[in-house]
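The values are calculated or read from the model by the stated rules, or taken from the named source; none is laboratory data. Computed from a predicted model, the values in this text were never measured in an experiment. FYI the Cβ positions are ideal-geometry reconstructions off the backbone, even for glycines, and counts take in every protein chain you see. The protein model used for the area step is the full one, side chains on, heavy atoms only, and it has no ligands, DNA or RNA in it. Shrake-Rupley method; radii C 1.70, N 1.55, O 1.52, S 1.80 Å.
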Amino acid sequence: VVEIGTPDRSIVTTCAYCGVGCAFRAEMRGEQLVRMVPWKDGKANRGHSCVKGRFAWGYANHAERILSPMIRETIDQPWREVTWNEAFTHAAAEIARIQEKYGRHAVGGITSSRCTNEETFLVQKLVRAGFGNNNVDTCARVCHSPTGYGLKTTFGTSAGTQDFDSVMASDVVLIIGANPTDGHPVFASRLKRRLRQGARLIVIDPRRTDIVRSPHVEADFHLPLRPGTNVAVLTAMAHVIVTEGLADEAFVRARCDWEEYRHWADFVALPCNSPEALAPVTGVTPVTLRAAARLFATGGNGSIYYGLGVTEHSQGSSTVMAIANLAMATGNIGRPGVGVNPLRGQNNVQGACDMGSFPHELSGYRHISDAAARNMFEAEWGVSIDPEPGLRIPNMLDAACDGTFKALYIQGEDILQSDPNTKHVAAGLAAMECVIVHDLFLNETANYAHIFLPGSTFLEKNGTFTNAERRIQPVRKVMTPLSGLEDWEVTQGLANAMGLGWSYGHPAEIMEEIARLTPTFANVSFARLDVLGSMQWPATAAAPDGTPVMHVDSFVRGKGKFVVTDYIPTDEKTGPRYPLLLTTGRILSQYNVGAQTRRTANVIWHEEDRLEIHPADAEDRGLKEGDWARLASRSGETTLRVMVTDRVAPGVVYTTFHHPATQANVVTSEYSDWATNCPEYKVTAVQVSPSNGP
Ligand code: SF4
């Protein structure tokens, strides 16, 4: 722990790591952060925190921070430091040149779930009002875009239905594809408290995560399904509930479209959807599955929490809808203790999606083809907006490889490390004439950049993050930006070099614009956030301080919609050459590709990624604990040290992806969610063999 001197002031702000959104007092001495103290009045964390938020802020002053804008003509030249004005002018000239030569659709922007709502809002505004197209996307593309599709289709909006406190009223908690102990530790603490009080627990996960069995907590049922079969397991659970008469038909008749329910119920009741029929696919024992389904339907208030083990599949959107079907069929929507709750990975996944940083949606989840919504923005911005959706990240890269997409502004995302099919990402970036990277460090993507714009950490800026429970919380500047500009000022500088004439003086003014244009944010302002501490959207005239539980009397879309979700096996198949299935996840002390957590003074963060393998599979391959193994797929290969464990079932291997040397995304497959293109990170057919090391 690095603590320097005695603090002389403290400022309340919000953690910039995961979607729990813990509030902290940043205790300062002059311009030096002394320590982060969990804030007892923070509604998301109530004085708790995990090691990342508490201690992993050393990256803010790391020597590898880039503090000056830089440009270069070609990517094999050295960088040249320039002034901000020179960088903005050069970037604007390059975008103009490329649009003149290749057309206005040849450029686009990517924003990040790491950034504030205000920053994200400005990037999509820059693309729509400045670039003149809808080629804007966010890194939520590769994590929770299926949540956007699935929950909007079934409930009418893309958001978790509950606040975190709601779990304290749950009688049965179903966790699918999430590892809250490592990924969302402060929420996991609250969940475990409820479990110790007697709530029942069902975990659906290929791996025996800590929540399945930890001190004082043991799941009633763990369904260790074969990776890629979420939809089959949920369908089999629905089969039991419908055929045994356990559905809450009174709720369905009152709140949902009855005809669609009947259609869905007839489908799940088919004999081919029974636990017995699907067991060879799922690998889950029918007796266990039947018992788990009965518990969920009859055990009282049932809540569902899920993570990337649901979304990062070729059937990610179908799985989200299957979860929504299950919640509606059992009447578990619209009151404390129930609901469907995506556990968002990054601090502002919810906000990035809310702010309209998707190619098909304006802020507040209004489709770009909605003329009334578009007109609001056109009147405010004084431009006309394309009614057609723009390109998603993978489409931008495909178009770059095809020679039709030539320039990209990337704010706060290292797409070369975090997106699938690394070789294809590199080829796309290499084919562009102008790549603008706006980040804290010279990341892997910056190897392909022509312009580098230094970013600011969460300690150096004002704004808001929205956590996994739709809670909008202030991010407050505690130190002067080391590069001289906050991130929103960088985007504004670029916009003004393009002649857009923006004049925001503070992010509070950006939030005023967001509130004017986004009905669910109508009552949100920095002034109200200062008074209330946080607000959960929708915050409207009807709910001026926000809404802890959604869909209480009716769904946002009116009647809840049941969608038949047929199980369709992924195209990623095992076979003699690639007989094992790889799935991936995180550990508590590290964060994604580790850009921040690896740059702290505390050596605890520097654990290596390991390959978990079942003892039988290890023995078959002559591998022992600590050996090096070669992990190869149809996409590529890497080398990892082995951890022999029965946490994973025979036939399944698992790794984390925090260290660049691991290169997990060299191995992951090319497949993605049918509706949203979210990559199928969680299922890759692989072979594992002994290796002498990297
Ligand atoms: Fe930060 Fe998440 Fe840890 Fe809270 S639980 S301190 S938000 S990383």
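When I613 is evaluated against the numbered criteria (1) touching a His at 6+ places or on another chain (Cβ under 9 Å); (2) hydrophobic (A, V, I, L, M, F, W, C); (3) open to solvent by less than 40 Å² (accessible area, probe 1.4 Å), which criterion, by number, is the only one it fails?
Just one mismatch for I613, condition (1).
Kindly provide the set of residues from the range 505-537 that are in a loop (DSSP other than H, G, I, E, B), in contact (Cβ under 8 Å) with a residue 40 or more places away in the chain and in contact with a helix residue (DSSP H, G or I) (Cβ under 7 Å, 6 or more places away or on another chain), ordered by number.
V524, W537
Suppose the filter is open to solvent by 10 Å² or more (accessible area, probe 1.4 Å) and touching a strand residue (DSSP E or B) at 6+ places or on another chain (Cβ under 6 Å); does R374 pass it?
No; evaluated as a whole, the condition is false for this residue.
Starting from residues that are in contact with a helix residue (DSSP H, G or I) (Cβ under 9 Å, 6 or more places away or on another chain) and outside any loop (DSSP other than H, G, I, E, B), keep the ones in the range 379-399 and report whichever is nearest to G499 (Cα to Cα).
That would be W381.
Collect the residues in the range 12-24 that are more than 8 Å from the ligand (Cβ to nearest atom) and in a loop (DSSP other than H, G, I, E, B), keeping them in residue-number order.
Of everything in the range 12-24, nothing turns out to be more than 8 Å from the ligand (Cβ to nearest atom) and in a loop (DSSP other than H, G, I, E, B).
Contact list please: Cβ distance under 6 Å, first residue in the range 540-561 and crowded, with 16+ Cβ neighbours inside 10 Å, second residue outside any loop (DSSP other than H, G, I, E, B) and of a type in the set (S, T, Y), pairs at least six apart or on different chains.
Filtered contacts from the range 540-561: K561/T154.
Please go through the range 25-43 and pick out each residue that is small (G, A, S) and more than 16 Å from the ligand (Cβ to nearest atom).
G30
Taking the range 643-694 only, how many residues are open to solvent by less than 30 Å² (accessible area, probe 1.4 Å) and without any contact (Cβ under 8 Å) to a residue 40 or more places away in the chain?
So the count comes out to 1.
Show me the strands (runs of 3 or more DSSP E) found entirely inside the range 81-191 where at least 3 residues are polar (S, T, N, Q) and more than 30 Å from A291 (Cβ to Cβ).
Numbers: elements: 107-111, 136-138, 172-176.
Correct list: empty, since no element meets the threshold.
Could you tell me which numbered condition L500 fails, if it satisfies all but one of (1) in a loop (DSSP other than H, G, I, E, B); (2) open to solvent by less than 20 Å² (accessible area, probe 1.4 Å)?
Single failed check for L500: (2).
Does any residue in the range 5-18 that is among the aromatic types (F, W, Y) come within less than 7 Å, Cβ to Cβ, of a residue that is within 16 Å of the ligand (Cβ to nearest atom) six or more places away or on a different chain, and which pairs are these?
Sorted first by the residue in the range 5-18, then by its partner, the pairs are Y17/K52; Y17/G53; Y17/N347; Y17/Y591.
Quick check on this structure: which one of V320, V310, V284 is buried (at least 24 other Cβ atoms within 10 Å of the Cβ), among the aliphatic types (A, V, I, L, M) and assigned to a loop (DSSP other than H, G, I, E, B)?
Matching residue, one of V320, V310, V284: V284.
Quick grid of which residues meet (1) open to solvent by less than 20 Å² (accessible area, probe 1.4 Å); (2) of a type in the set (S, T, Y); (3) over 27 Å from the mean Cα position of the chain (by Cα):
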site	(1), (2), (3)
A178	yes, no, no
F187	yes, no, no
R190	yes, no, no
T209	yes, yes, no
R213	no, no, no
T229	yes, yes, no
T235	yes, yes, no
T243	no, yes, yes
E249	no, no, yes
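Can you pull out the residues in the range 428-470 that are within 16 Å of the ligand (Cβ to nearest atom), part of a loop (DSSP other than H, G, I, E, B) and in contact with a strand residue (DSSP E or B) (Cβ under 8 Å, 6 or more places away or on another chain)?
Matches in the range 428-470: N467, A468, E469, R470.
Name the pairs: first residue in the range 177-190 and under 18 Å from T583 (Cβ atoms), second residue within 10 Å of the ligand (Cβ to nearest atom) and in a helix (DSSP H, G or I), Cβ to Cβ under 6 Å, at least 6 apart or on different chains?
P180/F187; P180/A188; T181/A188
Residue-by-condition table, conditions (1) more than 30 Å from A446 (Cβ to Cβ); (2) within 16 Å of the ligand (Cβ to nearest atom); (3) modelled with pLDDT under 95:
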position	(1), (2), (3)
V2	no, no, yes
S10	yes, no, yes
N45	yes, yes, no
S49	yes, yes, yes
G53	no, yes, yes
S68	no, no, no
R72	no, no, no
E86	no, no, no
T89	no, no, no
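Could you count how many residues in the range 400-419 are in contact with a Pro (Cβ under 8 Å, 6 or more places away or on another chain) and either open to solvent by 30 Å² or more (accessible area, probe 1.4 Å) or modelled with pLDDT of 95 or more (or both)?
Summing the residues that are in contact with a Pro (Cβ under 8 Å, 6 or more places away or on another chain) and either open to solvent by 30 Å² or more (accessible area, probe 1.4 Å) or modelled with pLDDT of 95 or more (or both) in the range 400-419 gives 1.
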